Amino acid sequence: MNRPILYTQTDCADSAAEGQKVRDWLIQHDIPFIRRNVTGDQKAALALYETGIFATPLLLVDNVKVLGFRTGELTEVVDVALRSVA
């Protein structure tokens with residue numbers, strides 16, 4: 001599994017709160033990740049644009065995308081990715 005990428009933004013309160021929940025979930029489950037804040041970072045914004053999804057928070061695990069804080073989807077995606085490496 002490649003290191004998951006969490007796209008967030010700070011200029012939208014709802015999105016920032018959801019992003020913090022995803023971040024906390026990843027930390028609680030000892031999953032290393034890369035955080036890319038698209039607010040003011042053109043490279044991060046372009047990378048988010050290239051995913052085809054224009055909202056945050058977006059967790060990208062290999063080629064699978066999870067939009068928002070959905071614990072069931074987060075668990076499933078991470079479990080599948082980890083099994084594929086084992």
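No value in this document is a laboratory result; all are computed from the given coordinates. Because the structure is a prediction, the values reported are computed rather than measured. Counting neighbours? That spans all protein chains shown, and the Cβs are built from the backbone with ideal geometry, glycine included.
Among [x] 40, 28, 19; [y] 37, 23, 18; [z] 73, 22, 17, which is the computed Cα extents along the principal axes in Å?
[y]
Can you figure out the FRET efficiency of Arg70 with Asp30, using R₀ = 25 Å and their beta-carbon distance, to the nearest 0.05?
Working from the Cβ atoms, E equals 0.80.
As a test of the formula, what do you get for the chain when each DSSP H run with n ≥ 4 contributes -39,500 (n - 2.57) and the sum is divided by the residue count, at 222 nm and rounded to the nearest 500 deg cm²/dmol?
Mean residue ellipticity at 222 nm (helix-derived): -15000 deg cm²/dmol.
Find out how many positive minus negative residues lie around Ala81, taking Lys and Arg as positive, Asp and Glu as negative, among other residues whose Cβ is under 13 Å from that of Ala81.
That works out to -1.
Once the other residues with Cβ under 14 Å from the Cβ of Leu26 are scored (Lys, Arg +1; Asp, Glu -1), what is the net sum?
Summing Lys and Arg as +1 and Asp and Glu as -1 gives +1.
Restricting to the chain, compute how many DSSP beta bridges are antiparallel as a %, nearest 5.
65
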